[in-house]
Amino acid sequence: MSKLRDLMPSTHSLFVFEAAARSLSFKRAASELNVTQPSVSHSIKMFEKHCGTGLFVRDNRGVQLTEAGRQLYDEVRVGFRRLEQRLEAISGRGTQYITFAASTSLAAHWLAPQLYDFQAEHPDIRIKVVATDRDIDPDHEVDVTVWVRPRDFDRGNSWFVCDEIIFPVCSPAYLLSHPAPQAVDDLVHHQLIHSSDAYRKRMDWSEWVELAGGDASGIRPNIVFNDSQLTLQAALAGEGIALGWSLTAQQLVKNRLLVRPLPTEIKTERAFFLLASDDVSKNKRCKILVD
């Protein structure tokens, strides 16, 4: 059982204290709570007696918080706000968000650039983007997400987005200071940026080079990032050549922030799919986002 019941005379006294501390006026607190001013004064006195310390200083100009009162009000204010937010969320009275879960790179380079235009067209729809390092099944907490699955993936409330196509990318600055590769086997002489996701199977450089008809025996990963977004960031910084995915690198290539040093690309047997929770047909705002 919580000790709060023993630490204050009643839960009502906490609401009275919060109103009086926020307004620094027993009169205004009484008006807000729809009680009399003597009632507020009596409640505060009982609270102070229970705490064993003064919470307010009374004088002719009104009331001011003591140091103990200020410290208590800081905690009460934060606690009340958190309770308000949680109660609003579970009761459906607060701001309603459509939650979109995605990898960091997909959220940054595919989703975010589209959301600003979408928000301008649909200002009544609020979207919360959740970056995750693993595939999440849409449920009561996640409305929409993106998975990479075999091209024949078939599931209710899922939609094909695009094929998985993988190709080398680097910054224009990198090519200015390094000789451009003329063939796949030239890549072994460049600084290749590696990643290895713990929860999502991604093609690595050795596999890509072999599928592209090259010799991968000379590839030795030195620095390995655990997130593909970090490899893209290193490529943007001119640190070397990374593997780019059709959905997450296309905007960077289109804007010439990254370039393709080789035209070679690997089209896998997989594709990107948009998935939504079972409630999508009942949730008009979620359906608009999916469409």
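The values are calculated or read from the model by the stated rules, or taken from the named source; none is laboratory data. Computed from a prediction, not measured in an experiment: that's the story for all the values here. Here the Cβ positions follow ideal geometry from the backbone for every residue, glycine too, while neighbour counts run over all protein chains shown. For the accessible areas, the whole protein counts, side chains as well, though only heavy atoms, and no ligand, DNA or RNA atoms are used. Shrake-Rupley method; radii C 1.70, N 1.55, O 1.52, S 1.80 Å.
Residues that are in contact with a Lys or Arg (Cβ under 8 Å, 6 or more places away or on another chain) and surrounded by 12 or more Cβ atoms within 10 Å (Cβ to Cβ) within region 173-226 comprise Ser195, Ser196, Arg200, listed in sequence order.
Of Ala107, Ala21, Ala29, all but one fail to be surrounded by 17 or more Cβ atoms within 10 Å (Cβ to Cβ) and assigned by the TED database to the domain that holds His122; the exception is Ala107.
Listed by position, the helices (runs of 4 or more DSSP H) contained in region 145-263 that have at least 1 residues being closer than 27 Å to Arg134 by Cα are 205-211, 228-236, 246-254. Only one entry of Gln64, Gln37 meets the criterion of being open to solvent by 50 Å² or more (accessible area, probe 1.4 Å), touching a helix residue (DSSP H, G or I) at 6+ places or on another chain (Cβ under 6 Å) and of a type in the set (S, T, N, Q), and that entry is Gln37.
Among the conditions (1) in contact with a Cys (Cβ under 9 Å, 6 or more places away or on another chain); (2) over 16 Å from Arg260 (Cβ atoms), the only one that Asp204 does not satisfy is (1). Exactly one residue out of Asp133, Asp163, Asp139 is at pLDDT 95 or above, surrounded by fewer than 18 Cβ atoms within 10 Å (Cβ to Cβ) and among the acidic types (Asp, Glu), and it is Asp163.
Of the conditions (1) open to solvent by 90 Å² or more (accessible area, probe 1.4 Å); (2) of a type in the set (A, V, I, L, M); (3) touching an Asp or Glu at 6+ places or on another chain (Cβ under 7 Å), Ile90 fails just one. Which one is it? All conditions are met except number (3). Where helices (runs of 4 or more DSSP H) fall wholly inside region 1-105, the ranges with 2 or more residues that are more than 30 Å from Tyr199 (Cα to Cα) and basic (Lys, Arg) are 26-33, 37-51, 67-91. Inspect all residues belonging to region 15-23 and state whether any of them is within 32 Å of the chain's Cα centre (by Cα) and of a type in the set (Gly, Ala, Ser). Taking every residue of region 15-23 in turn, none turns out to be within 32 Å of the chain's Cα centre (by Cα) and of a type in the set (Gly, Ala, Ser). The set of residues from region 255-291 being open to solvent by 70 Å² or more (accessible area, probe 1.4 Å) and farther than 16 Å from Gly244 by Cβ comprises Glu269, Asp278, Asp279, Ser281, Lys282, Lys284, Lys287, Asp291.
The residues of region 171-214 that are touching a residue at least 40 places away in the same chain (Cβ under 8 Å) and among the β-branched types (Val, Ile, Thr), listed by number, are Val184, Ile193.
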